[in-house]
Amino acid sequence: MKSVERGVFIVFEGIDGSGKTTQLEKARAFLAERGREVVVTREPGGTAIGEKIRGLLLDTANGDMCDGCELLLYAASRAQHVAEIIAPALAEGKAVLCDRFGLSTAAYQGYGRGLDLERIAAVHRAAAGGVEPDLTLVIDVPAEVGAERVGGRRGEGKDRLEREEIEFFERVRRGYLTEAEGDGTVAVIDGRGDADGIFDAVRAALEAVL
């Protein structure tokens, strides 16, 4: 019987407007070309329950949501996500590409909102159930670059988080960079160039874990 190839869990992170979703799609195509079965998912969301939670989190009508509620809603979405999508896919040997995971919680709710990082880590551990990325790619851009990109988007307008002041995203960016220091599973990628050039660095990081 042919053994199941080990699954790999890769997460794309960055402030709003960093270009992480574009790089995730390029990674999906790259892995598919190499014959890997790929699952693409996102947080908050990824499941029917998670998408309902996402709606609560991003709805501009919920401007009075307290920071603790926000943290626990993200965790609830993650718990369902890991149990329903991520863990089963990894057990089947698939490559899971996720738009945001635990590092987002530390960056946004910790550095951005100011919640205690130890509390956040404990909540994340409970939600993730021991499932952690093999590689996290932080697509890094200055806060003003991300704000300019988000501001130029068309559609129904900015969501609850996208409406935060630029100082909030500066704190979040610092959080990403601080948390990445000394963590061998996190690679920081300069996201200010053209998408193909950025993916050259992303591909090199991917190849190191495949």
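Annotation: amide H-H contacts under 5 Å for Glu5 (H modelled 1.01 Å from N, sequence separation of 5 or more, or interchain): none. Taking every alpha-carbon pair under 8 Å whose residues sit at least 6 apart, the stretch 8-209 reaches a relative contact order of 33 percent.
How much length would be gained if the chain were fully extended between Asp200 and Glu118, taking 0.36 nm per residue of separation minus their Cα-Cα distance, in nm to one decimal? Display every interim value, and only then the final one.
Details: separation 82, 0.36 × 82 = 29.52 nm, distance 3.49 nm.
Going from the current span to full extension adds 26.0 nm.
For the chain, the longest stretch holding no GluC sites (Glu not before Pro) located in a DSSP loop with at most 15 other Cβ atoms within 10 Å is which? Can you show the working numbers first?
Values: sites that count: Glu5, Glu37, Glu92, Glu156, Glu165, Glu181.
Counting only loop sites that pass the neighbour cut-off, the longest clear stretch is 93-155.
Across the stretch 101-210, Cα pairs under 8 Å and at least six residues apart give a relative contact order of 38 percent.
Pairs of Lys residues in the chain that lie 8 or more places apart, or on two chains, and have C-alpha atoms under 25 angstrom apart add up to 7. Among Gly35, Gly175, Gly55, the residue with the largest mean-square fluctuation in a Gaussian network model of the chain, with springs joining Cα atoms closer than 10 Å, is Gly35. Taking max minus min of the alpha-carbon positions on each principal axis, the chain gives extents of 56, 37, 36 Å, largest first. Counting 0.36 nm for each residue step from Glu181 to Thr60 and taking away their Cα separation leaves a gain of 40.2 nm. Here the extension length gained between Arg163 and Glu92 equals 21.7 nm, from 0.36 nm per residue of separation less the Cα-Cα distance.
Summing +1 for each Lys or Arg and -1 for each Asp or Glu among the other residues whose beta-carbon sits under 14 angstrom from that of Asp67 gives 0.
Taking amide H as placed 1.01 Å from N in the peptide plane, the amide H of Val39 sits under 5 Å from that of Ala95, Val96, Leu97, each at least 5 places away or on another chain.
Can you check what the net charge comes to around Arg34, using other residues whose Cβ is under 14 Å from the Cβ of Arg34 (Lys, Arg +1; Asp, Glu -1)? All intermediate terms of the calculation are to be shown ahead of the outcome.
On the way: positive: Lys26, Arg28, Arg36, Lys94, Arg203; negative: Glu5, Glu33, Glu37, Glu207.
Net charge in that neighbourhood comes out at +1.
Taken together, the values in this text are just the output of simple stated rules run on the coordinates, not laboratory data. The structure displayed is predicted, hence computed values, not measured ones. Here Cβ is always computed from backbone atoms with ideal geometry, including for glycine, and neighbour counts include all displayed protein chains.
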